[in-house]
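Enquirer: After the structure tokens below, expect a handful of questions from me.
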Amino acid sequence: MRKMLLAALSRVLQGPAAAGRTGAVSEASRVMVASRNYGDFASEASFEIKKCDLHRLEEGPSTTAVMTREEGLHYYKTMQTIRRMELKSDQLYKQKIIRGFCHLYDGQEACCVGIEAAIKPTDHVITAYRAHGFTFTRGVPVREILAELTGRKGGCAKGKGGSMHMYTKNFYGGNGIVGAQVPLGAGIALACKYFGKNEVCLALYGDGAANQGQIFETYNMAALWKLPCIFICENNRYGMGTSVERAAASTDYYKRGYFIPGLRVDGMDVLCVREAVKFAADYCRAGKGPLVMELQTYRYHGHSMSDPGISYRTREEIQEVRSKSDPITLLKDRMVNNNLASVEELKEIDVAVRKEIEEAAQFATTDPEPPLEELGHHIYFNEPPFEVRGPNQWIKYKSVS
């Protein structure tokens, strides 16, 4: 096999002069990359990951993670897609094509990708309004997410939900009220237990919502009923423009459940998140009740599009996180240094992702808006149509399930 590849490389380099030396070298590079793709890469590698801080647990997740080449490429492409999707959303918002509330997820990609890698498609996820990444990892295509952001008929919520209200099977949003998704998540977990399904619900919230009273009420009920619920606090250090130190008397969010065991996890490392969520899911499936998890992460953009993100933190702080802890760069370095992928191969993924995002953006800006007569549609699921009175009492809309 190696002799055949060398012969092919030799033929390319000695090709017709009309092809030009640049074209020959480029073709030679592709042959060399192809030879590595099929022959020289490791199939998997083992990595040491950061030990989690524990609360009321005798032992925690493994500090060693095995990642296959296929898994690594999948994680990389997924995180890069979310990153590029959010940057495109930022661009469309500044062009006034996306309007209203919009909360971007770039910087936190390891959280949603690591979580999805650790659970089953039949498990349940509910989160707050920074939901684009979870919407994608739960299975919604980029074009439907961007079309929802631009309010188009082809959006995942028919253009009626926007940034904060996206849904798909076993994904319940996208919720605009701070902290309100947490008791809803406990309700989903109650349904899992009631119907005897070996499923778990992951209820996510931010450090800003962690001080909400309804969250502590939910902890109490979940512990009493031993619900299969993982409460996950995505601690990105700032609740809107307020640092965690200024907002919370205790910033050990993983201990906030008191009587509920907890974990504090490096949320910038996709493998660390994956192993921690696997541990937590197994814990809940074993009937031991709920678990609280804190993911230490960071958002690169401001809280929302109205927040420049630099009035309460410095540009130097943001740049330091990007240079030292970026989740995509960390995964890329691991894969290249452990012979799971080449730099050239990852660059090809980058190019393909950018193309996909541009095509999705084209769809999201040309797809028609939903017609006015559909304003009252989809209010209830699987109900017969009924008349819906709008703000103008002379106009009535017909509901369609």
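Enquirer: Looking at (1) part of a loop (DSSP other than H, G, I, E, B); (2) within 20 Å of the chain's Cα centre (by Cα), which is the one condition that is false for GLY309?
Expert: That leaves (2) as the condition not met.
Enquirer: Then there is this: Tally up the residues in segment 303-328 that are closer than 23 Å to GLY100 by Cβ and without any contact (Cβ under 8 Å) to a residue 40 or more places away in the chain, please.
Expert: Count: 4.
Enquirer: Shifting gears a bit: List the residue pairs whose Cβ atoms are under 7 Å apart, where the first residue sits in segment 103-128 and is free of Cβ contacts under 8 Å to residues at least 40 places away in the same chain, the second is part of a helix (DSSP H, G or I) and open to solvent by 10 Å² or more (accessible area, probe 1.4 Å), and the two are 6 or more positions apart or on different chains.
Expert: Listed pairs, sorted by first residue: CYS112/THR137; GLU116/THR137.
Enquirer: Let me ask another. Is it true that ASN170 is over 20 Å from HIS103 (Cβ atoms) and open to solvent by 10 Å² or more (accessible area, probe 1.4 Å)?
Expert: yes
Enquirer: Okay, next question. Just checking, which of TYR254, TYR283, TYR300 is in a loop (DSSP other than H, G, I, E, B) and of a type in the set (Phe, Trp, Tyr)? Let's see the steps before the verdict.
Expert: Values: TYR254 fails: in a loop (DSSP other than H, G, I, E, B); TYR283 fails: in a loop (DSSP other than H, G, I, E, B).
Being in a loop (DSSP other than H, G, I, E, B) and of a type in the set (Phe, Trp, Tyr) holds for just one of TYR254, TYR283, TYR300, which is TYR300.
Enquirer: Can you tell me which residue among LYS226, LYS278, LYS288 is open to solvent by 60 Å² or more (accessible area, probe 1.4 Å) and either within 26 Å of THR78 (Cβ to Cβ) or in a helix (DSSP H, G or I) (or both)?
Expert: Numbers: LYS226 fails: either within 26 Å of THR78 (Cβ to Cβ) or in a helix (DSSP H, G or I) (or both); LYS288 fails: either within 26 Å of THR78 (Cβ to Cβ) or in a helix (DSSP H, G or I) (or both).
When all the criteria are applied, what remains is LYS278.
Enquirer: Another question, if that's okay. Conditions first: (1) surrounded by fewer than 24 Cβ atoms within 10 Å (Cβ to Cβ); (2) touching a residue at least 12 places away in the same chain (Cβ under 8 Å). ARG246 passes all but one, so which condition is the exception?
Expert: (2)
Enquirer: Residues being more than 17 Å from VAL270 (Cβ to Cβ) and open to solvent by less than 50 Å² (accessible area, probe 1.4 Å): count how many of those fall in segment 300-349.
Expert: Looking only at segment 300-349, we keep the residues that are more than 17 Å from VAL270 (Cβ to Cβ), and these are 301-320, 323, 339, 342-345, 347-348.
Remaining after also requiring open to solvent by less than 50 Å² (accessible area, probe 1.4 Å): 301-305, 307, 309, 313, 317-318, 342, 345.
Here the count works out to 12.
Enquirer: Give segment 49-77 a look and list any residue that's assigned to a helix (DSSP H, G or I) and of a type in the set (Ser, Thr, Tyr), or say none. Explain how you work it out, then say what you get.
Expert: At the first step, the residues of segment 49-77 found to be assigned to a helix (DSSP H, G or I) are 69-77.
Listed by number, the residues that qualify are TYR75, TYR76.
Enquirer: Next question. Scan segment 194-206 for residues that are buried (at least 21 other Cβ atoms within 10 Å of the Cβ) and either of a type outside the set (Gly, Ala, Ser) or in contact with a His (Cβ under 8 Å, 6 or more places away or on another chain) (or both) and report the count. Even if it seems obvious, please write down each step before you answer.
Expert: First pass over segment 194-206, keeping only residues buried (at least 21 other Cβ atoms within 10 Å of the Cβ): 199-206.
In the following step, the residues that additionally are either of a type outside the set (Gly, Ala, Ser) or in contact with a His (Cβ under 8 Å, 6 or more places away or on another chain) (or both) were identified as 199-202, 204-205.
Here the count works out to 6.
Enquirer: Would you call VAL400 crowded, with 18+ Cβ neighbours inside 10 Å and touching a His at 6+ places or on another chain (Cβ under 8 Å)? Quick ask: steps written out before the conclusion?
Expert: Working: crowded, with 18+ Cβ neighbours inside 10 Å: no; touching a His at 6+ places or on another chain (Cβ under 8 Å): yes.
No: the conditions fail for VAL400.
Enquirer: Moving on to the next point. For segment 367-396, which residues satisfy the criterion of being open to solvent by less than 90 Å² (accessible area, probe 1.4 Å), within 19 Å of GLY161 (Cβ to Cβ) and at pLDDT 85 or above?
Expert: Hits for segment 367-396 are ASP367, PRO368, PRO370, PRO371, GLU374, GLY376, HIS377, ILE379, VAL388.
The values are calculated or read from the model by the stated rules, or taken from the named source; none is laboratory data. It should be emphasised that the depicted structure is a prediction, and the values quoted were computed from it without experimental measurement. FYI the Cβ positions are ideal-geometry reconstructions off the backbone, even for glycines, and counts take in every protein chain you see. Side chains included, ligands, DNA and RNA excluded: accessible areas come from the protein's heavy atoms. Shrake-Rupley method; radii C 1.70, N 1.55, O 1.52, S 1.80 Å.
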